1. May I ask you to give the average projected area over all directions of the convex hull of the Cα atoms of segment 1-106, in nm² rounded to one decimal?
2. Taking H placed 1.01 Å from N in the peptide plane, check which residues at least 5 places from Phe176 or on another chain put their amide H under 5 Å from its amide H.
3. If you wrap a convex hull around the C-alpha atoms of the chain and split its volume per residue, what is the figure in Å³?
4. Which percent, nearest 5, of DSSP beta bridges in the chain are antiparallel?
5. Mean residue ellipticity at 222 nm from the helices of the chain, using -39,500 (n - 2.57) per DSSP H segment of n ≥ 4 over the full residue count, to the nearest 500 deg cm²/dmol?
6. Dipole of the chain, Cα-centred, from +1 at each Lys and Arg C-beta and -1 at each Asp and Glu C-beta, to the nearest 20 debye?
7. Using the Karplus curve 6.51 cos²θ - 1.76 cosθ + 1.60 with θ = phi - 60°, work out ³J(HN,Hα) for each residue of segment 119-130 in order, rounded to whole Hz, and write x for Gly and Pro.
8. In whole Hz, what ³J(HN,Hα) sequence does segment 273-286 give by Karplus (6.51, -1.76, 1.60; θ = phi - 60°), x for Gly and Pro?
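Derivation of every value follows stated rules applied to the coordinates shown; laboratory data play no part. What you are looking at is a predicted structure, and each value in this text was computed from that prediction instead of being measured. Counting neighbours? That spans all protein chains shown, and the Cβs are built from the backbone with ideal geometry, glycine included.
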Amino acid sequence: DLATTYDAARAYELDRAHVFHSWSAQAEITPMVVTRAEGSHVWDANDTRYLDFGSQLVFTNLGHQHPRIVAAIQEQAAHLCTIAPAVANGARSEAARLIASHTPGDLDHVFFTNGGADANEHAVRMARLHTGRHKVLTTYRSYHGGTHLAVNMTGDPRRWASDHGSTGTVHFFGPFLYRSAFHATTEAEECQRALEHLDQVVALEGPATVAAIVLEAIPGTAGIMVPPPGYLAGVREICDRHGIVLIADEVMSGFGRAGRWFAVEHGGITPDLITFAKGVNSGYVPLGGVAISDEIYSTFAHRTYPGGLTYSGHPLACAAAVATIRTMEDEDVVGRAARLGEDVLGPGLRALAEKHDRIGEVRGTGAFWALELVSDRATREPLAPYGGSSPAMAAVVKACQERGMLPFANYNRIHVVPPLTTTEDEAREGLAILDAALDATA
Ligand code: PLP
């Protein structure tokens, strides 16, 4: 029965006995038991409430248990839980229409997947078949998913263990002024040099071998490096010059996170393919997908697309997407995210940086912010090594948790990525906790 199944102590015991966790040394973890969640908060086994400043893995964009999404899933479940991908179905069709209505340009066709990694796998497959070329260029400091090709495309250390270099993936440096690979000192210089570098990588790899350049429109887990003005337009131009497909991975940055429906809007460009997941339905039921331009669609108009998934366009996931997107439209959630960044998170985090020497840089937009923590502001020595952790970083995270806030931490960074529906008061409360946690661990 439910009471027994959801007993917190038993949930923990059964987890440790039987659940094998992502990206973890299994015997060394002590997962928090979450018993309930609502809006911007979750509760643990002791009924302690925490402000969720990481939106779990940056996916609960409308917060927990949003009544419209819950109702849509319940109604869809009562009506039709599931149906094969080959048929047409109301929830699926309407989700595709709504997504297409918000993607830029003519990206009006949607292939649904179960999440972000498989969206990237399929986007690359489409690009390869469309161009007849094989190579895929991606940036260092990126994350594209945990499946074979997606993890090889990934530029962060999660690639290392599975990197067999067998899939034609080539990495290059994206712009990141704070730790510039190009010895740049201004955003304009960083932009120009990063584009010259990419131009050279394309030339030396052989433009006629490159199927796609895949970019996170704003790199997420790798550090929320908002690209300098002109960078995305420059990449678009390089792709156009060589007939390379531009794939924007908007799995984390899309659906309002960056204060726009899609983060590419900040750069004023239209990619050929956009991959999405997470925020499309606030992660309530697994869903991802690829938004496809007319031109790439036409490649598969009279030629079979060689790919598919049993659960492509699952009705429960699509019903959740319909409710999520309609709510976002009705309540101007994207505008709210932009204002949360401009009015509260940006100024609040910059104020923290004035006060705490360990904050080397604050960067972000919308509800998508990173604090780069350093042990020395002058040398920019990170508070934890690239790909690793440190007692100092662990202490900051613990101090936040002890004060009732769950941050998203990655190596030497704390990401402030709350639900887009977070109120200004909740955001200020989270910032005050961060302030106190930095004080307590100084
Ligand atoms: N792409 C980006 C930018 C991501 O942030 C993620 C997940 O964090 C993925 C792809 C992979 O998505 P999934 O875990 O749903 O496969």
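1. Numbers: hull surface 42.1 nm².
About 10.5 nm², averaged over all directions.
2. Answer set, sorted by chain and number: Ala181.
3. Values: hull volume 64.0 nm³, N = 442.
Output value, Cα hull per residue: 145 Å³.
4. Details: 32 of 50 bridges.
The antiparallel fraction comes to roughly 65 percent.
5. Values: 16 runs with 170 residues, N = 442.
So the helix-based figure for the chain works out to -11500 deg cm²/dmol.
6. Details: 35 positive and 51 negative charges, 153 e Å.
Dipole size: approximately 740 debye.
7. Karplus values, whole Hz, x for Gly and Pro: 4, 5, 4, 6, 4, 5, 4, 4, 5, 5, 6, 5.
8. Karplus values, whole Hz, x for Gly and Pro: 9, 10, 9, 9, 5, 5, x, 3, 9, 6, x, 5, 9, x.
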